[in-house]
Every structure is written in C-alpha cells, then in structure tokens.
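Take a look at the structure below.
Every read-out reported here was derived from the displayed coordinates using simple, explicitly stated rules and does not represent laboratory data. Keep in mind that what you see is a predicted model, and the values were worked out from it rather than measured. Methodologically, a virtual Cβ is constructed for each residue, glycine included, from the backbone with ideal geometry; neighbour enumeration extends over all protein chains shown.
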Amino acid sequence: MEPIIRTENLSISFGGHKAVDRVNFEMPEKHFKSIIGPNGAGKTTFFNLISGELKNTEGDVFFKGKSIANLSSVERTRLGLGRSFQITNVFPNLTVLENVRLAVQSKEKIRFNPFKHYLHYKKITEEALTILEQVLLENKAHHIASQLAHGEKRKLEIAMLLALDTEVLMLDEPTAGMSLEEVPAILDVIKSIKNRGDKTILLIEHKMDMILDLSDSIMVLFNGKLLADGTPKEIMDNTTVQNAYLGGLYDDELVET
C-alpha cells in the first residue's frame, strides 16, 4: 500500500549547514508515528518541509503518491495535511467556540456574512461544539481564547485542526511550555484521537518517555539525518539511539537502522 506521506532524500541547507540531510521517510495511512531527537536535531525543520513552511533544496515530498514539493502550505492543508506549531496559533480575542467555528467554516468554504447572525449557521456551531467536547473544552466554549491556560490553548489548537478535517495531523511538540500538571490532559486528548482510528498522526517530541505508549513507530533524527525508524521497543533497544541521547559519538557514515 502506498504510504500517505513519503520523502526521498529530503534536504534543506541554510548557508553551509544542512539542517535536514537526505532523509528518506514513509508514513503509513492511519498510523501514529513520533519524531524524536535531541534539541537541534532537525525535527521542526523536517516538519516545515513536509507542511510547506519551508522549501526543500534537494529531494522530494510526496502525499498519496504525488509530489507536493512545489505546493504552498495552504495548498497542502487543502489536500489534507494539517499542522500545529510549537507556539499556540489561535485568535486570542475571539471565544473558544468562535475559533473552532471559523475553522469549520473554512473547511465548508462558507464565507463570513456580516449581515447574518452566527445562529443562522446552526450546523457549523453544532459541529464546533462536538469538536470542543472531543478535546475536553466544552465548558470553555464562551471564554475568550486569550484567557485560557497554556494547556487549554494547545487543546484549542488541536480542536481547530480537527475542525479542518484533514487526513493527517502534524503536532509539533504539543506539550511544549506546559506544566507537569497540564501534560496528562493533552496526552489524553491525543490518545482519544488516535483511538478513533480515522487520522494519520505525526508528532514531534523530544521527551521519549511521553510517546512510547502512544506511538505505533518512532523515527529518530540526529544532526539532520535519519538515525533510526522502528517500533518503540526497537528504538529503545537501539544502542546508536541511546548513544545519541546520552551524548555518545556519532558516525557521519552511519546508515539507517
């Protein structure tokens, strides 16, 4: 079966530095894969190449077998690639419900009409409220987004991604900046989305212990290169991965394991 996302020798250079270096990657449909690696490993840069925020200097990116390397991030979202960021990306002066409702309207290609009250869009509001229930924010629907706690804003961002109904959810460190008390709630939301079984999820995290139970497979980046890709057990047992995390020596000629 054709992977839903695939890269061939995907690379990007900034000056003389190769931030992502000839990465060959495959993502099965309706699979949960986590990307891990030390700080500076190239994880977010690799995400940006797939989602279209950055343009690769070498190689190619494929979605459902077709090259998307020349498409913008907006065009890739329309195809089915939805992506969150390390920094929350919500409309701070709108309510939680309004944020999600706008995402639903965007999916349905319904333009805002200033002469129509939002209650005219009953189905859109109902869908937005259903999504807020899925991310455990239904009791904050009428709160202004800027008043939410950081963890709640991350939930809202995931809700907006779900409202776009993309086939792929790309989550860039969804627990970044959270207190220890907030982390379990966001992990529960992500787990519930996975358990529905209708989404392909690609997640960046640098804390390996957080994603072992969630992931079907784990990909490890180090110095912009693919260090390993396998099941959580295979990754945990991989001595090269252990050395990378513990600060061991890294062989530039290392092949994928």
Suppose every Lys and Arg Cβ carries +1 and every Asp and Glu Cβ carries -1, with no other charges. What dipole size does the stretch 112-227 come out with about its Cα centre, to the nearest 20 debye? 320 debye
One finds, for Leu129 and Thr239 with R0 = 51 angstrom and r their Cβ-Cβ distance, a FRET efficiency to the nearest 0.05 of 0.55
Length gained, His150-Leu212, 0.36 nm per residue minus C-alpha separation, equals 19.9 nm
Charged-residue dipole, Cβ positions (Lys, Arg, Asp, Glu), the chain about Cα centre, Debye nearest 20: 1120 debye
With n ≥ 4 as the cut-off for DSSP H runs, can you work out [θ] at 222 nm for the chain, using -39500 (n - 2.57) per run divided by the number of residues, rounded to the nearest 500? -10000 deg cm²/dmol
Share of Cα-Cα pairs in the chain beyond 27 Å, whole percent, is 39 percent
Gain upon complete extension [Asn9, Leu94; 0.36 nm per residue less C-alpha separation]: 26.4 nm
Got a sec? Charge dipole of the chain, +1 on Cβ for Lys and Arg, -1 for Asp and Glu; which of Ala41, Leu187, Gln134 is way out at the positive end? Gln134
Value of D in µm² per second that Stokes-Einstein yields for the stretch 1-41, Kirkwood Rh from Cα pairs, at 37 °C (0.692 mPa s): 275 µm²/s
If I model a spin label as a point 7 Å beyond the Cα along the Cα-Cβ vector, how far apart are those points for Asn70 and Glu138 in nm? 4.7 nm
